[in-house]
Structures are given as C-alpha cells and as structure tokens.
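Chemist: Submitted below is the structure of interest, expressed as structure tokens.
The values are calculated or read from the model by the stated rules, or taken from the named source; none is laboratory data. Computed from a prediction, not measured in an experiment: that's the story for all the values here. Counting neighbours? That spans all protein chains shown, and the Cβs are built from the backbone with ideal geometry, glycine included. For the accessible areas, the whole protein counts, side chains as well, though only heavy atoms, and no ligand, DNA or RNA atoms are used. Shrake-Rupley method; radii C 1.70, N 1.55, O 1.52, S 1.80 Å.
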Amino acid sequence: MSIPNIITLGRILLVPIVVWAIASGQMEVAFAVFVIAGVSDAVDGFLAKRFNMASELGALLDPLADKALLVSIYVSLGIWGAVPRWLVILVVSRDIMIVGAVIVSWLFGKPIPMKPLMVSKLNTVAQVAFAALVLAALGFGFNSSPYNLILMGFVTVLSLASVGLYLVEWVRHMSTIEAGERPE
C-alpha cells in the first residue's frame, strides 16, 4: 500500500462526507471537502509519477475515486435541485454505459484497453469546474450566471461526445467476436 494509494482511499472516504454536507445544506463544507478531494487527487498523481509509486491498484482506484466523488456530487445536487435532473441523468448514464461496456468486453474475454480519450479528460475538467462553481455559489451566496450555463453546456456536449466516441471504439473492438460466441 503506497502513499498515493492511501491518499486515493482517503478521497473515497470523503464521498459520504460531501454527500452528507450537500444533503444537510452545508454547502460551504461540501465545497471545502470537494476542494480537499481535488487537491488530494493532484497530490497522489504527482507522488505516483514523480517518485515512481504508480501501481496497478492505484490505476484502478484513482478513476474509481474520481467517478464516485463526481457521480455522488451530481446526484446529490440533482436531488437538492441545484443541478437539472436531465444533466444528472446524462452524467451518470455516461459512466454506467462506459463501465457496462468494459464489463461486457471482459465477460467475452476481450478486455478493452483502459485509456482515457482526450474528450473524456476535458469532460472531467468541465464536470469538476461546474460542480465546484455550483457548490461555491450555493455555499457563498453568489450568482454564478452566466458561467454556470456555459459550464453546463460544456458538460452536456463533452459528455455526449465522450460516450459516443467510447461506444464507437467499443463496437469496433467487439465487432471481431464471432456470431454465437458466448461469454466464458
């Protein structure tokens, strides 16, 4: 268990805290926890690369921690009414479709390489920026227009582009399976 992996596990443990903070209307706390999670993501990545502490476990845990945090925040903010529900559905559905495609490819013995596309990285940046802006506006009582609408547009377009490109890549990858072939 390396230091970056411990930091990543700590980030996973922050998920219920940020959900509790949003659910109880403690938006300043939710924003602060979100910032701490973001800093911890940067720190664990830096340590893993700079000091050659990258591991297979870390390669799995880091995106899991990021997705758990973002999905939880979007769902919580959607329930709170601070983010449109259609956007929550889009963000969550995208992740479910990608994870589902990966699982199906594993079941058929054709694991797909786990390499994030540039559009997916941009999507994550847009999702983080939008969530941070919404939490900050709620926590510190300022009007975030028109920036919230601009970021929401970026999240929408990039989520759709990302899932579309991943699904095209997955269909190409899986198209080599013979008809009638079954999962092992």
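Chemist: From the Cα gyration tensor of segment 28-114, with a ≥ b ≥ c the square roots of its eigenvalues, which class applies: rounded if a/c is under 1.5, or else prolate if a/b is larger than b/c, or else oblate? Walk me through the intermediate numbers first.
Modeler: Values: a/c = 3.90, a/b = 1.11, b/c = 3.51.
Oblate shape, in that a/c is at least 1.5 and b/c is the bigger or equal ratio.
Chemist: By its C-alpha gyration tensor, with a ≥ b ≥ c as the square roots of the eigenvalues, how is the chain shaped: rounded for a/c under 1.5, else prolate for a/b larger than b/c, else oblate? Present the calculation step by step, with values, prior to reporting the outcome.
Modeler: Working: a/c = 2.17, a/b = 1.39, b/c = 1.56.
In terms of gyration-tensor shape, oblate.
Chemist: Which order do the peptides 125-131, 98-104, 75-81 come out in when sorted by mean C-beta neighbours inside 10 angstrom, highest first?
Modeler: Values: 125-131: 21.0, 98-104: 14.3, 75-81: 16.7.
Result, highest mean Cβ count within 10 Å first: 125-131, 75-81, 98-104.
Chemist: Something else: What does the charge dipole of the chain about its Cα centre add up to, to the nearest 20 debye, if the Cβ of each Lys and Arg holds +1 and the Cβ of each Asp and Glu holds -1?
Modeler: Values: 11 positive and 11 negative charges, 42 e Å.
Rounded to the nearest 20 debye, it is 200 debye.
Chemist: On full extension of the chain, what length is gained from F51 through L64, given 0.36 nm per residue of separation minus the C-alpha to C-alpha distance? Please report the intermediate quantities before stating the final value.
Modeler: Working: separation 13, 0.36 × 13 = 4.68 nm, distance 2.20 nm.
Value of the extension gain: 2.5 nm.
Chemist: While we're looking at this one, here's another question. With a cut-off of 19 Å, note down the residues of segment 71-110 whose backbone N falls inside the zone around a label point 7 Å from the Cα of A129 toward its beta carbon.
Modeler: Residues passing the 19 Å test: 71, 74, 83-84, 87-88, 91.
Chemist: I3 to M97: extension gain in nm, 0.36 nm per residue of separation minus the Cα-Cα distance?
Modeler: On the way: separation 94, 0.36 × 94 = 33.84 nm, distance 3.14 nm.
That works out to 30.7 nm of additional length.
Chemist: Also, quick follow-up: Leaving ligands, DNA and RNA out of it, report the carbon-plus-sulfur percent of the accessible area of segment 2-113 at a 1.4 Å probe.
Modeler: Values: 4480 of 5880 Å².
The nonpolar share, carbon plus sulfur, comes to 76 percent.
Chemist: In whole percent, what relative contact order does the chain give with Cα contacts below 8 Å and a gap of six or more residues? Mind dumping the intermediate values first?
Modeler: Working: 164 pairs, mean separation 46.7, N = 184.
About 25 percent, as a whole number.
Chemist: Tell me what the chain gives for mean residue ellipticity at 222 nm when only DSSP H runs of n ≥ 4 count, each as -39,500 (n - 2.57), the sum divided by the residue total, rounded to 500 deg cm²/dmol.
Modeler: Working: 6 runs with 144 residues, N = 184.
Taken over the chain, the calculation gives -27500 deg cm²/dmol.
Chemist: Given a Förster distance of 45 angstrom, what is the FRET efficiency for H173 paired with S24, based on the Cβ-Cβ distance and rounded to 0.05? Display every interim value, and only then the final one.
Modeler: Numbers: r = 44 Å, r/R0 = 0.97.
The calculated FRET efficiency here is 0.55.
Chemist: Right, something else. So what is the accessible area of the chain per residue, in Å², with the probe set to 1.4 Å?
Modeler: Here the per-residue accessible area is 57 Å².
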